[in-house]
1. List the residue pairs whose Cβ atoms are under 9 Å apart, where the first residue sits in segment 79-105 and is at pLDDT 95 or above and among the β-branched types (Val, Ile, Thr), the second is loosely packed, with under 11 Cβ neighbours inside 10 Å and in a loop (DSSP other than H, G, I, E, B), and the two are 6 or more positions apart or on different chains.
2. Go through segment 163-185 residue by residue and tally those that are under 12 Å from the mean Cα position of the chain (by Cα) and more than 21 Å from Gly237 (Cα to Cα).
3. Please state which one of Leu210, Leu196, Leu201 is in contact with a helix residue (DSSP H, G or I) (Cβ under 9 Å, 6 or more places away or on another chain), surrounded by 15 or more Cβ atoms within 10 Å (Cβ to Cβ) and of a type in the set (A, V, I, L, M, F, W, C).
4. Taking into account only those residues within segment 186-200 that are in a strand (DSSP E or B) and closer than 12 Å to Pro43 by Cβ, which is nearest to the chain's Cα centre (by Cα)?
5. Is segment 125-137 home to any residue that is farther than 24 Å from Val36 by Cβ, modelled with pLDDT of 95 or more, touching a strand residue (DSSP E or B) at 6+ places or on another chain (Cβ under 6 Å) and surrounded by 13 or more Cβ atoms within 10 Å (Cβ to Cβ)?
6. Pro134 is checked against (1) more than 24 Å from Ile238 (Cα to Cα); (2) assigned to a loop (DSSP other than H, G, I, E, B); (3) free of Cβ contacts under 8 Å to residues at least 40 places away in the same chain and fails just one. What number does that condition carry?
7. Is it fair to say Phe235 is closer than 26 Å to Ile135 by Cα, in a strand (DSSP E or B) and in contact with a strand residue (DSSP E or B) (Cβ under 9 Å, 6 or more places away or on another chain)?
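The values are calculated or read from the model by the stated rules, or taken from the named source; none is laboratory data. Values in this document were obtained by computation on a predicted structure and should not be read as measured data. Note that we place each Cβ from the backbone using ideal geometry, even for glycine, and neighbour counts take in every protein chain shown.
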Amino acid sequence: MITFTHIPLMKLRSLIYLAFICAFALSCKNDSTEPVDYNEYYPLKVGWYGIYDVREEIYSTSQKDPEIKVRQEKDEINDVKMNADGSSTYTFSRSTRATSSDYWQKVKEFTVQKFPDKLLTNIDNQTFFTLVFPIDNRINWNGNSYNNLDAQEYHYEDVGQSVTIAEQTFHNSLTVVERQDSSIINKYTGIKKYGLGVGLLSDEQIDFELCQSDECIGSGKVESGTKKTRKIVEFGGI
């Protein structure tokens, strides 16, 4: 039987040092994770598509209950063009249908321009600064840098978190808070979630004017405005 008392001191120290190095190397190997390609939060390739359930709530002072509109929307990349400045412009088509059993009807096109450090979306003749790279919770940027609208500060939240959308769980997502303004008389919210390898998962846009009469001010009762949500139900590509 061999005991540590039979091993010379210098050799014993060498063995302990070697064991420590091996344990450290194995620990680093076990804790390592694959690097994230941040571009995959918004996959851009011809043929890629996403289908969304859309719900709109329209409030007005003349109606007790909101008008509800539901439909499905499909965004699909149809074309890509390389630009002289090194960026790429992807053309999307947006189609709608009332239910999943109806035929798609194309309603518009929009574009996404990809640069190494950002994505710009041009829709309805307005360009929005959609994402900035690299993705980091500490980054803020003006989403209206490329249009004439008032400055609007965007920021990231919950980078790398799991999220469940329409009973589907996505294990690596991020949130872009585009707007989050609330007061006693109004509520304005714009929040988008993106999934790694998927793209846009959900989009919630709220534009409410709240009751301001003496009887209900501060209650949060909606006087007028809209709430629109999009939630992904299917995605894929060629």
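1. Listed by first residue and then by second, the contacts come to Val80/Lys45.
2. 6
3. Values: Leu210 fails: in contact with a helix residue (DSSP H, G or I) (Cβ under 9 Å, 6 or more places away or on another chain); Leu201 fails: in contact with a helix residue (DSSP H, G or I) (Cβ under 9 Å, 6 or more places away or on another chain).
From the options Leu210, Leu196, Leu201, the qualifying one is Leu196.
4. Filtering segment 186-200 down to residues in a strand (DSSP E or B) leaves 186-195, 199-200.
From the residues that got through so far, the ones that are closer than 12 Å to Pro43 by Cβ too are 194-195, 199-200.
Details: Tyr194: 3, Gly195: 6, Gly199: 7, Leu200: 5 Å.
Selected residue: Tyr194.
5. Yes: one or more hits.
6. So Pro134 meets the others, but not (3).
7. Numbers: closer than 26 Å to Ile135 by Cα: yes; in a strand (DSSP E or B): yes; in contact with a strand residue (DSSP E or B) (Cβ under 9 Å, 6 or more places away or on another chain): yes.
In short, yes.
Yes/no per residue for (1) crowded, with 17+ Cβ neighbours inside 10 Å; (2) closer than 21 Å to Asp124 by Cα; (3) over 21 Å from the mean Cα position of the chain (by Cα):
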| position | (1), (2), (3) |
| --- | --- |
| Tyr42 | yes, yes, no |
| Gly47 | no, no, no |
| Val54 | no, yes, no |
| Gln63 | no, no, yes |
| Glu67 | no, no, yes |
